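Heads up: the structure comes next, in structure tokens.
The values are calculated or read from the model by the stated rules, or taken from the named source; none is laboratory data. Keep in mind that this is a model prediction, so the values were computed, not measured. FYI the Cβ positions are ideal-geometry reconstructions off the backbone, even for glycines, and counts take in every protein chain you see.
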Amino acid sequence: MVTIDHDAVLRARVLLLGSGRPSRAELVRASRVLAEVSPKAYVPKLVDALLDLRHESRDPQVDVALAAEASRAARRIEVGEPNRAERLRWALDAYQASLFALGRREEGRAICEELAEAGRSGPLVRVLAEEGRFREAAELDEEAARNGTPERSFWDMVRWSANLEGAGLHDAASTLFRTLIEGTRREAAEQRTALAILTWELVHFSRMRDSVGDGAGAAAARREALSVLEELATTGEPKSWSCVLEWWSTLFVLSGRAAEPAASPESPMPPFGTELGWSRDVRDGFLGMLPGLEAEAARLRAADRLPELVDVQRRISIRAAVREGGRPYQFEERFTPYFDEGVALARLLPDNPARLARALTDRSMFLVAARSFEPAHADFAEAVALLHHR
């Protein structure tokens with residue numbers, strides 16, 4: 001039997017009904033007390049108060065404790081109560097993020113599984129991809145597509161395609177990505193999306209087809225991309241668009257997956273194909289490789305091992321895109337040195353046109369993101385010519 005502290009209940013009611021504005025910590029304390037005597041009214045308020053207080057915290061241990069308590073409270077809300085499902089998803093989402101920030105992956109995965117049962121499978125898809133379990137991730141993507149809206153977003157389609165490709169299901173991945181391109185092509189024709197996005201998708205699709213030896217399919221995608229780039233170089237975007245840098249950075253980062261260590265449950269890697277929502281421990285680990293890569297680049301440069309240096313510099317550039325590729329402020333100034341160096345190094349390899357074509361393509365797609373369309377067209381035209389005469 002729970003003993004009720006009536007003085008505490010009275011103080012909590014006075015606090016909530018008073019004219020002053022209580023702090024978030026005071027709201028949590030009051031809601032905890034009142035949730036014991038009036039659970040139907042105050043347990044939902046306790047969930048909200050705990051999650052609000054978590055936003056103030058800068059301590060990962062406090063974050064995880066608050067999110068765990070919010071999750072326990074959300075589970076106590078009676079089934080059928082208004083907003084129960086939404087509150088449960090909010091609390092579980094905060095809890096799994098806090099667990100992964102501390103590297104507690106097994107516990108985090110269990111919460112993601114509960115979250116998927118509550119109707120939000122995205123975090124579990126992410127975790128499975130981080131651990132190299134791409135087929136399971138793709139199956140969840142397919143299930144979400146069946147149960148969701150007919151119109152799938154760029155982010156849904158790229159993630160799903162990336163998981164299919166990671167599982168070795170290259171034809172299925174390409175079929176899905178073609179569907180994405182067809183939709184983008186229609187939207188671009190109706191000026192409902194940027195031609196830049198169509199260009200990035202076509203170039204990524206050409207890389208997908210190259211990776212499985214479909215030279216004809218890759219070449220056709222590059223020709224269409226070159227045509228779109230020619231239009232951009234001649235007339236620019238038909239209308240102005242807000243920042244679309246995340247579309248560029250998502251596909252650029254995805255293009256580097258094959259050069260990275262394979263993901264496994266013991267050694268997770270980023271969920272390439274998604275821009276947001278990476279587990280904190282995985283993101284920190286991926287960016288934490290930068291000092292080692294920079295030291296390796298210095299060794300390769302000193303040893304004049306240019307082919308390997310070109311590859312390592314690209315891995316460094318991809319991490320720069322992860323770290324700040326979505327920030328528009330001085331975007332071109334910050335990233336130009338990465339791509340210029342990639343092209344300059346590749347030009348020192350006269351017998352390796354594929355690496356030069358890749359460096360030129362990378363710089364071209366970056367220049368599209370920077371809205372420098374004429375030099376982007378020139379770079380990509382040179383890359384297409386190199387690949388055509390290989």
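Please verify whether Trp247 is closer than 19 Å to Phe366 by Cβ, among the aromatic types (Phe, Trp, Tyr) and under 22 Å from the mean Cα position of the chain (by Cα), treating the condition exactly as stated. Yes: the conditions hold for Trp247.
For the stretch 233-254, taking the residues that are among the small types (Gly, Ala, Ser) and touching a residue at least 60 places away in the same chain (Cβ under 8 Å), the one that is nearest to Arg323 (Cα to Cα) is identified as Ser249. The residue list Leu195, Leu232 contains one member that is surrounded by 19 or more Cβ atoms within 10 Å (Cβ to Cβ), in the same structural domain as Ala369 (by TED's automatic domain parsing), over 17 Å from Trp155 (Cβ atoms) and within 24 Å of the chain's Cα centre (by Cα), which is Leu195.
Close contacts from the stretch 185-213, counting a first residue that is closer than 15 Å to Ser174 by Cα and a second that is modelled with pLDDT of 95 or more and basic (Lys, Arg), with Cβ to Cβ under 8 Å and a gap of 6+ residues or different chains, come to Leu202/Arg222; Val203/Arg222; Phe205/Arg178; Ser206/Arg222.
If you filter the stretch 263-299 down to residues that are among the charged types (D, E, K, R) and touching a helix residue (DSSP H, G or I) at 6+ places or on another chain (Cβ under 7 Å), you find that the one that is nearest to Val158 (Cα to Cα) is Glu275. Looking across Glu56, Glu26, one residue alone is of a type in the set (Asp, Glu) and modelled with pLDDT of 85 or more. It is Glu56. Entry remark, the stretch 25-63: residues being closer than 18 Å to Glu78 by Cα and out of contact with any helix residue (DSSP H, G or I) (no Cβ under 8 Å at 6 or more places or on another chain) number 3 in total.
For the stretch 362-372, a residue qualifies if it is among the polar types (S, T, N, Q) and free of Cβ contacts under 8 Å to residues at least 60 places away in the same chain, and exactly one does: Ser372. Figure legend. Inter-residue proximity from the stretch 270-298: first residues of a type in the set (Gly, Ala, Ser), second residues assigned to a loop (DSSP other than H, G, I, E, B), beta-carbon distance below 7 Å, spacing 6+ or different chains. No pairs are indicated. A single entry from Arg327, Arg334, Arg315, Arg301 fulfils the requirement of being closer than 18 Å to Pro270 by Cα and among the basic types (Lys, Arg): Arg315.
The residues of the stretch 312-361 that are assigned to a helix (DSSP H, G or I), in contact (Cβ under 8 Å) with a residue 40 or more places away in the chain and of a type outside the set (A, V, I, L, M, F, W, C), listed by number, are Arg314, Arg315, Ser317, Glu332, Arg355, Arg358, Thr361.
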